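All remarks here apply to the structure that follows.
The values are calculated or read from the model by the stated rules, or taken from the named source; none is laboratory data. Just so you know, these numbers come straight off a predicted model, no measurement behind them. Cβ sites come from the backbone with ideal geometry, for glycine too, and all protein chains shown count toward neighbours. Remember, those area values only see protein heavy atoms, side chains included, never the ligands or the DNA or RNA. Shrake-Rupley method; radii C 1.70, N 1.55, O 1.52, S 1.80 Å.
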Amino acid sequence: MGEYCEKDFRSLQRCAEMNNIRIFKFLVILYSLLLIASSFVYYYREDIYIRPESYFYLLTLAVGVTFAQIIFFGRNSRSEVKFLIFVEVLLVALSFTLTQQALYKTVLGRDPWFHWILVEEIVKRGSIPPYEQIPIPYVRMPNFHLVIASGIVLTNLSYKWAQVLFAGFPTLILLMLVAFLYSKKLFDDQVGLVSILLVAISDNVLDMVGKNIVPNTLGVALAFLIFYLIYFREYHNLMIKFLSVLVAIALAFMHTVSLTFLIWQIFVISILSLILKDKSAKFYLAHFAFLIVSALFVWGIYSGFYLKSLVIIFKQLFIYGFDIERYEAKLPTTFLDAVIARSGMVLYFAIAGIITFYLLVKTLKRRAFGIKLSTLSSILATISILAGAVSFLTPALSGIAHRFWYYGEVLSSAFVGSVLANLYERKKVIIVFNLIFICALSMLMFKANVANDDNPLVPYYSQRTGWHDSEIEAGKFVISKQGNIPIASDWDYSWNLRYLKTSLMASGALKDINRVTPKTFEEVKNCNCLFVFRKDLLENRLFYLGGRWTQTPHLPLSTLNLVIKELSENEGIIYNNNNILIMHLV
């Protein structure tokens, strides 16, 4: 009888396993069909410069299917299952990135324009150009640019695609790998899989690895890697010491803010190790001292730029502090519009803040049973970075607030993931709620203005940074025909013409454009210049007039045709390709 029951139990177990395999295969097929369908929708889109809404819905459903796989099959699953889920998550992020990049022939974002010129010069010369010829501070911190330049030499790709292939994609993979290992150490495998999904759909991550690819892109990933090595690996291991020091040196010559994040994290664990009398305290302190010395050498002596900037930032921080009224005054829209445009991040950070604070209180209450240094330091480091998310309200830090958002989304993925992964054991209604929540969060992240250049949630909150083909051709026309009459346009276009000119002329030095910077259309009327109207941008998106330090945001002009008609009554139109209008205004 006992033998029969045992056989019956084994057969039932095998049936359950076979049933699980069939369900998992079905979900894999469903995911594949959704991803293929999104590709077809993208390929047959009506507007060549805008991804349709249905593309984002299909991508969101694919995220929901992957989340279901993690919830039902992620815990204690085989390595093959984990790898397949990792690939599915990666493909979602790559789809979002590649489809957006393929819309335009130019780089996206603001900063990548001057990174493009520096890399081009490195490739042409075979060496780093002097600051006198390419006045960009990164000539003294060129590691990011050397990575992309090496990729261009090996593959002969353009900078636009080399930055994606050799900086964006590797960063995304590194972030996902470390997020999985980090979350697994803090919680378990299933939380690790949810955390990589959260990393891959986070709006600021999608921005930094697929749109605005800059040194901070790779810098945060390296800081996160060192953070994991020091917190969760055996720091007495000589190989770990060597690797963490080597990567830290590479980071020091790459990006200041990323290195600052790392210094802060090591400072947190050093102080806590002293308070808790951890045996590794001296190693953490030694690494902290090494990072400080490295930063001072690179920022103050070798580069000669960034230490002064850091002092100025701290000075402004103490003088101005928080200034909410000043932030609201600079907003081109209402504060509510700003919140809606970033609603995915706001929701994400709200959950992260609540859970990390809860875990902090819970951990401190258990001090009688011993506090685990790695857990407490991880919680405190994450809370401090999340607190930095409000840095946009300080005049001193508003320019780098998005760096906090980027790293905040990465660090807090483990804690948000722990909530989503562990609620599935409750009632079925909770499972359904979780699926709906992750789909809604995905949609908000995919449509967030910071990540989405072509079809954002609030179009009038952010400018489009990619150039249409007609805008590129008009730019070439302006560069080739410009005489003594200055050029004017919206700020992003007129400023980036200098980088386009530098690339076209290939002179080995940064070439400027003779331009003026009117801040309003009243000033445009009397600018005595050739004004370039980007009609599609001015009618549909936020745009800026003015100069580098006098940028003035303007909401989309529904009356643009009337403005042009009024201006053209006594002026000459010298170029018109339906989207671009160049007018001589005196």
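A few points about this structure:
- Qualifying residue in the range 296-306 (condition: buried (at least 18 other Cβ atoms within 10 Å of the Cβ), modelled with pLDDT of 85 or more and part of a helix (DSSP H, G or I)): yes
- The numbered conditions (1) assigned to a helix (DSSP H, G or I); (2) open to solvent by less than 50 Å² (accessible area, probe 1.4 Å); (3) hydrophobic (A, V, I, L, M, F, W, C) are all true for VAL107 except (1).
- Residue check for VAL311: modelled with pLDDT of 75 or more, open to solvent by 30 Å² or more (accessible area, probe 1.4 Å) and part of a helix (DSSP H, G or I): no
- Qualifying residue in the range 476-487 (condition: part of a loop (DSSP other than H, G, I, E, B), within 24 Å of TRP116 (Cβ to Cβ), open to solvent by 20 Å² or more (accessible area, probe 1.4 Å) and of a type in the set (A, V, I, L, M, F, W, C)): no
- With a requirement of 2 or more residues that are at pLDDT below 90, the helices (runs of 4 or more DSSP H) lying completely within the range 190-277 that satisfy it span 215-232, 238-252, 256-275.
- Residues that are in contact (Cβ under 8 Å) with a residue 24 or more places away in the chain, surrounded by 15 or more Cβ atoms within 10 Å (Cβ to Cβ) and over 14 Å from ILE213 (Cα atoms), drawn from the range 150-161: ILE152
- Residues of the range 404-424 that turn out to be aromatic (Phe, Trp, Tyr), under 18 Å from ALA221 (Cβ atoms) and crowded, with 24+ Cβ neighbours inside 10 Å, as a count: 3
- Check on LEU84, under 17 Å from VAL194 (Cβ atoms), open to solvent by 50 Å² or more (accessible area, probe 1.4 Å) and under 25 Å from the mean Cα position of the chain (by Cα): yes
- Close pairs (6 angstrom Cβ cut-off, 6 or more residues apart or separate chains): in contact (Cβ under 8 Å) with a residue 12 or more places away in the chain in the range 89-106, open to solvent by 20 Å² or more (accessible area, probe 1.4 Å) anywhere: THR99/TYR42; LEU103/TYR49
- You will find that of ILE292, ILE275, ILE271, ILE301, the residue that is within 28 Å of the chain's Cα centre (by Cα) and assigned by the TED database to the domain that holds PRO137 is ILE292 and no other.
- Condition check for SER127: more than 22 Å from ASP469 (Cβ to Cβ), free of Cβ contacts under 8 Å to residues at least 40 places away in the same chain and assigned to a helix (DSSP H, G or I): no
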